[in-house]
């Protein structure tokens, strides 16, 4: 330290990095020797135990799919269609500003027929014919609940464990904890269905928050350039790019010696990853090598880049190549009105491909160590938002109970966990008694968002209380200070 200013910039991290042992310099030299950007080292002591899943494919259905019309049949709603939601059923549960001032809350029975499928006897509406083919692979959770009642905080809560933006996403936490399975592709990749309307999605949903930037999700797009700015500009050949990176490494090393900033290492690592991705991404995203029978399995939409079906097929290819966490987003489930028509289209876009992904993974021997999750940020109300007519109804946001499903990766197949009351408005226990669980008071028959996150981490071999990062004086984790592993979901 040559000046007082330099001395004052010295914190404990800098001290150990710049100490006599030269830890920082040795680490950087090691990176240079093996080429910057190789798989990041996992957090010490992780995994905590033998994992059941090596990777996660999360099919996030943005907008809140209506459980009453897809997975959770309620004959009483049909019987009482048009009658008022009983005050005793609603209790003191809050409503959104969109329906809180309605003069009435008429119950809306589903327009769609339900039937059971498979040996498990799981219930599916007529909108999900292909789900019937995978009924015995699914672990259906009907008793999910969340704290958020509006889209942005609810999606943020599912992805980061907090309704307030700025925390690391689940994929970033898992990448931070377990590292990568492939040096040539990011460990966390995001695919968003193209051309879908609905609630906006922000890059912070797959951001790394206060974790190192190398753990953030990388979005792959459809089209000629799946990753923006990855290709060399016109007139720049691969050898020229290599020479430029070699020179840049030397400059960055000098900067690191001067600044002692770990983000310098991450920056160079990302440059090197991008260089390797110039060859790995075209191979991973080229679906032309897939046989016709695979496209037939996923549906005709899988031939159209950017569709949910094409992204599901792409997810399988990425999983084969060792990508640790693959996040798909499909927008458009926010059906406050015109639900019977709108949800039919949404189901058609997602049903076959979702089922095909499970079937494809299973026949390739990958389902047993790949966890697939399907679901949105909350459910929909039992009553109609807006006018209820013979042919039309809508449903408002409903955080108190909704349905998601998981498959593979160590979850128990062919089960339906949890239940809701006859109105589909509240979670009930195994004796049919309504319950009002909260994150502070765990109930074995209900699954809070933090419980789901804890269970996913458990399947990846991680004790959710052990995966932490110290930031601004406290230790943070995905599940905050809550969450219980739902052991009844485990195979």
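The values are calculated or read from the model by the stated rules, or taken from the named source; none is laboratory data. Keep in mind that this is a model prediction, so the values were computed, not measured. Positions of Cβ are generated from backbone atoms using ideal geometry, with glycine treated the same way; all protein chains shown enter the neighbour counts.
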Mind checking which residues of segment 373-410 are more than 18 Å from residue 124 (Cβ to Cβ) and in a strand (DSSP E or B)?
383, 397, 398
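Name the residues in segment 379-408 that are surrounded by 22 or more Cβ atoms within 10 Å (Cβ to Cβ) and on the phi > 0 side of the Ramachandran plot, would you? Outline the logic, then answer.
If we filter segment 379-408 for residues that are surrounded by 22 or more Cβ atoms within 10 Å (Cβ to Cβ), which is where we start, we get 379-385, 393-408.
Within segment 379-408, 408 is the sole residue that qualifies.
Evaluate the following for residue 349: is it surrounded by fewer than 24 Cβ atoms within 10 Å (Cβ to Cβ), within 30 Å of residue 98 (Cα to Cα) and touching a helix residue (DSSP H, G or I) at 6+ places or on another chain (Cβ under 9 Å)?
On the way: surrounded by fewer than 24 Cβ atoms within 10 Å (Cβ to Cβ): yes; within 30 Å of residue 98 (Cα to Cα): yes; touching a helix residue (DSSP H, G or I) at 6+ places or on another chain (Cβ under 9 Å): yes.
It is true that residue 349 is surrounded by fewer than 24 Cβ atoms within 10 Å (Cβ to Cβ), within 30 Å of residue 98 (Cα to Cα) and touching a helix residue (DSSP H, G or I) at 6+ places or on another chain (Cβ under 9 Å).
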If residue 231 passes every condition in (1) at pLDDT below 90; (2) on the phi > 0 side of the Ramachandran plot but one, which one does it miss?
(2)
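Conditions (1) exposed (fewer than 12 other Cβ atoms within 10 Å of the Cβ); (2) over 18 Å from residue 190 (Cβ atoms); (3) more than 34 Å from the chain's Cα centre (by Cα), marked per residue:
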site	(1), (2), (3)
236	yes, yes, yes
243	yes, yes, yes
247	yes, yes, yes
264	no, yes, no
292	yes, yes, no
305	no, no, no
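I'd like to verify a number: residues in segment 341-372 that are at positive phi and assigned to a helix (DSSP H, G or I), how many?
The first filter runs over segment 341-372 and keeps only residues at positive phi, leaving 365.
Applying the additional criterion that residues be assigned to a helix (DSSP H, G or I) yields none.
Residues in segment 341-372 being at positive phi and assigned to a helix (DSSP H, G or I): 0 in total.
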Of the listed residues (485, 481), the one being surrounded by fewer than 24 Cβ atoms within 10 Å (Cβ to Cβ), modelled with pLDDT under 95, part of a loop (DSSP other than H, G, I, E, B) and on the phi < 0 side of the Ramachandran plot is 481
Which of the following residues is more than 15 Å from the chain's Cα centre (by Cα), at pLDDT below 95 and in a loop (DSSP other than H, G, I, E, B): 195, 209?
195
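Could you say which residue among 144, 98 is touching a residue at least 40 places away in the same chain (Cβ under 8 Å), over 25 Å from the mean Cα position of the chain (by Cα) and either more than 26 Å from residue 461 (Cα to Cα) or surrounded by 23 or more Cβ atoms within 10 Å (Cβ to Cβ) (or both)?
That would be 98, the only listed residue that is touching a residue at least 40 places away in the same chain (Cβ under 8 Å), over 25 Å from the mean Cα position of the chain (by Cα) and either more than 26 Å from residue 461 (Cα to Cα) or surrounded by 23 or more Cβ atoms within 10 Å (Cβ to Cβ) (or both).
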Test result for residue 334, in contact (Cβ under 8 Å) with a residue 60 or more places away in the chain, outside any loop (DSSP other than H, G, I, E, B) and touching a helix residue (DSSP H, G or I) at 6+ places or on another chain (Cβ under 8 Å)
no
Just one of the numbered conditions (1) closer than 20 Å to residue 67 by Cβ; (2) surrounded by 16 or more Cβ atoms within 10 Å (Cβ to Cβ) is not true of residue 432; which one?
(2)
